[in-house]
Amino acid sequence: MSDKSARANRYAQAVFQAMLERWQTALGQVSDVLSKNQPLAAALQDTSKSMADKAAALQADLPSDTPAEISNLLKLLVQANDLDLLPDIGMALAQVATGSVAPTQAEVTSAVALSDEEQEKLRRSLSAQYGEGLVFGFKVDPALLGGLRVRVGDRLIDTSVASRLSALRESLSAAVR
């Protein structure tokens, strides 16, 4: 990397860090306003108020130096009734900035308790398929009758006897009708 490119990169990183700090500070201030101002929090939850009234109430209680981009985000959150996500957005913003993400959960449910060897084999297989960094949880549910139900993030793999019986029951019911 040339000296010129390295200097430009340092400036870009400084600008990005300043923007991140600005957003995190503003989101923290808004969270403080909401936690300390119970009437405002109640007004924002009031289903009888219009979105415009909610947005106006929020805008009136924000610090005067709140950037327009953050005000727009807050209006969007109010409209979607997602204002409670504010702390999560701040944490996710920090994760995006650092390039780190939360680990993916892998939940394995079986009809009987799995041995340590079986658990390790599943860990290796799922890690090979979905990547390293999975956080595993193992549960027992006798209602499965046999097989496994594996949830990795938002994906579900259900090889349980109970689900197969349910599918067979639906198939037979459809054929009889």
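The values are calculated or read from the model by the stated rules, or taken from the named source; none is laboratory data. Note that this is a predicted model, so its numbers are computed, not measured. Cβ coordinates were reconstructed from backbone atoms using ideal geometry, including for glycine residues, and neighbour counts include every protein chain displayed.
Some notes on this structure:
- Of S31, S5, S35, all but one fail to be more than 25 Å from the chain's Cα centre (by Cα) and among the small types (G, A, S); the exception is S5.
One line per residue, one yes/no per condition, for (1) modelled with pLDDT under 90; (2) under 25 Å from the mean Cα position of the chain (by Cα):
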position: A97; (1), (2): yes, yes
position: V101; (1), (2): yes, yes
position: V112; (1), (2): no, no
position: E117; (1), (2): no, no
position: S160; (1), (2): yes, no
position: L165; (1), (2): yes, no
position: S171; (1), (2): yes, no
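- The residues of segment 69-82 that are hydrophobic (A, V, I, L, M, F, W, C) and within 17 Å of Q24 (Cβ to Cβ), listed by number, are I70, L73, L74, L77.
- Residues in segment 57-95 that are in a helix (DSSP H, G or I), polar (S, T, N, Q) and surrounded by 13 or more Cβ atoms within 10 Å (Cβ to Cβ): Q59, S71, Q79.
- For the residues A111, A92, the requirement of being of a type outside the set (D, E), within 30 Å of R149 (Cβ to Cβ) and in contact (Cβ under 8 Å) with a residue 24 or more places away in the chain singles out A111.
- Residue that is farther than 30 Å from L76 by Cα, assigned to a loop (DSSP other than H, G, I, E, B) and in contact with a helix residue (DSSP H, G or I) (Cβ under 9 Å, 6 or more places away or on another chain), where the choices are V112, V108: V112
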